[in-house]
Amino acid sequence: MARQERCKATTQAGDPCRSFAISADGYCVSHDPSYRSRKHEGSRRGGEAKANARRAAKLWASIGNAVNQDDLPAMLRACLISVRDGTMEPAQASAIAGLAKASVSITNEIELEARLTALEALIDPTRDPKIRRIG
């Protein structure tokens, strides 16, 4: 079996690159000049995706306490319209929809827990609500 050649470039520290060569010129993906534009495009797209997630998080944080569960349908419709019009990336709208779903789930859990505690207090008023019986 033929042994694969290592990249002939050097790292920024001056050490030989330890990656395997992929081109006939003897360079790895990181050092091959013919891959430079594709590498740059991949980095740009990765940074753009992170930026979209950050923008969605900032948007949600800025809305924060100003939004209640009743506002969520209108907010999600606005996101859909923004995606359709091209003013919001689908990934941002998806992130907001996921956060809205989590918010509704948490609100429902809190409400159910309060209702259960109230029912248990009616059944046994002497019972400590912090102690949950199983079985």
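The values are calculated or read from the model by the stated rules, or taken from the named source; none is laboratory data. What you see is a predicted model, and the numbers here were worked out from it, not measured in a lab. All Cβ positions, even for glycine, are placed from backbone atoms using ideal geometry, and neighbour counts span all protein chains on display.
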Looking only at segment 65-123, which residues are closer than 17 Å to Arg55 by Cβ and of a type outside the set (A, V, I, L, M, F, W, C)?
-> Ser82, Asp85, Gly86, Thr87, Glu89, Pro90, Gln92, Ser94, Gly98
Please find, among Ala51, Ala93, Ala121, Ala78, the residue that is modelled with pLDDT under 80, among the hydrophobic types (A, V, I, L, M, F, W, C) and part of a helix (DSSP H, G or I).
-> Ala51
